[in-house]
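Notes to accompany the following structure.
The values are calculated or read from the model by the stated rules, or taken from the named source; none is laboratory data. Note that this is a predicted model, so its numbers are computed, not measured. As a convention, Cβ positions derive from the backbone with ideal geometry for all residues, glycine included, and neighbour counts pool all protein chains shown.
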């Protein structure tokens, strides 16, 4: 493909100088701050994640402080952002850099990519912005812009499609200013070449955009049909003795890894209370204990990217300790210190007014 790279490069850089957003990590070339920003905003919109970024940098202003924090503290600060493996990987990588690499962040794409939780895009963003390495950072915005400009007729999520787009981006990137160019291309996708209904009439690249000429903007980037969303039924048992609530720490291999939630009975479909009380999990937990079912919540639907959780909370009062050793009894006042899934946090705030005065903790 014959591409006038100078035209695209200069047009995008000029557009960026005029239209760029003033974002805090753009004020320096600190690789730590760039890394934190890139990880937070991988799956989060700028307006939704900016407060998290500020809180994270305020609490952990450098990689050493992040490395010396507890995993629970990091997860708690991350609470509400979702995709919690991002936070766990940040913590693990911070420890590696701080304790095994003498606190020196790697300065090349190939070395940065070796760190846990850092893929091609994040490594390229850090390498180009912090260390001026001319390597393209290809995210969803870049994929969309290049797919439309050149009508890439290969699904963007395929290895072939991603390779074609990366090759084109690489041909455009200027050796003397790769960081600004990568940010320009990403910003252009975020603000101008938007997923739906972009304002093509004011686009500085419209006369060179094949998708615009063919009136096929909405067609690109080509997509592979997504897999069906998994549907799960969660029944949370909120066991309450007036001072304590029961919690457990979720294990690996499932959503919300290492976060805390209530005793859970997962069922293959919707169970009413009579049927739920006949399950082995219910009988094992309560055995012969004297319990009182205070309240059953309305059915709540919690949508994740790959799963749909249909859940209910069963508020159960007990008058004596249960005969069990596999749940934690957490006093009300300490519940706020636990990193919990957003759906648990909202329930605590609404039902028990735990965290109700600090509701932003659950967002």
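What the table shows:
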quantity: Single residue of 265, 301 found to be touching a residue at least 24 places away in the same chain (Cβ under 8 Å) and either assigned to a strand (DSSP E or B) or under 36 Å from the mean Cα position of the chain (by Cα) (or both); calculated: 265
quantity: Candidate set from segment 79-90 (those that are under 16 Å from residue 63 (Cα atoms) and surrounded by 21 or more Cβ atoms within 10 Å (Cβ to Cβ)); member that is farthest from the chain's Cα centre (by Cα); calculated: 90
quantity: Test: residue in segment 257-270 that is at positive phi and touching a strand residue (DSSP E or B) at 6+ places or on another chain (Cβ under 7 Å); calculated: yes
quantity: Hits in segment 192-209 - residues which are touching a helix residue (DSSP H, G or I) at 6+ places or on another chain (Cβ under 6 Å) and part of a helix (DSSP H, G or I); calculated: 200, 206
quantity: Selected residue (only one of 123, 175, 137 is at negative phi and assigned to a helix (DSSP H, G or I)); calculated: 123
quantity: Scope segment 215-248; condition surrounded by 12 or more Cβ atoms within 10 Å (Cβ to Cβ) and under 28 Å from residue 13 (Cβ atoms); matching residues; calculated: 216, 217, 219, 220, 221, 222
quantity: Matching option when the condition is more than 30 Å from residue 188 (Cα to Cα) and modelled with pLDDT under 95, among 6, 96, 76; calculated: 76
quantity: Meets criteria (in contact with a strand residue (DSSP E or B) (Cβ under 9 Å, 6 or more places away or on another chain) and either more than 21 Å from residue 241 (Cα to Cα) or in a loop (DSSP other than H, G, I, E, B) (or both)) for residue 309; calculated: yes
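One line per residue, one yes/no per condition, for (1) under 30 Å from residue 74 (Cβ atoms); (2) without any contact (Cβ under 8 Å) to a residue 24 or more places away in the chain; (3) outside the structural domain of residue 79 (by TED's automatic domain parsing):
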{"residue": "224", "(1), (2), (3)": "no, no, yes"}
{"residue": "238", "(1), (2), (3)": "yes, no, yes"}
{"residue": "244", "(1), (2), (3)": "yes, no, yes"}
{"residue": "250", "(1), (2), (3)": "yes, yes, yes"}
{"residue": "253", "(1), (2), (3)": "yes, yes, yes"}
{"residue": "271", "(1), (2), (3)": "no, no, yes"}
{"residue": "279", "(1), (2), (3)": "no, yes, yes"}
{"residue": "282", "(1), (2), (3)": "no, no, yes"}
{"residue": "286", "(1), (2), (3)": "no, no, yes"}
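A quick yes/no check of all residues on (1) assigned by TED's automatic domain parsing to the domain that holds residue 12; (2) within 21 Å of residue 217 (Cβ to Cβ); (3) assigned to a helix (DSSP H, G or I):
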| site | (1), (2), (3) |
| --- | --- |
| 142 | yes, yes, yes |
| 153 | yes, yes, no |
| 162 | yes, yes, yes |
| 180 | yes, no, yes |
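Results for (1) within 24 Å of residue 192 (Cα to Cα); (2) buried (at least 16 other Cβ atoms within 10 Å of the Cβ), shown as yes or no for each residue.
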| site | (1), (2) |
| --- | --- |
| 23 | yes, no |
| 29 | no, no |
| 41 | yes, yes |
| 44 | yes, yes |
| 57 | no, yes |
| 77 | no, yes |
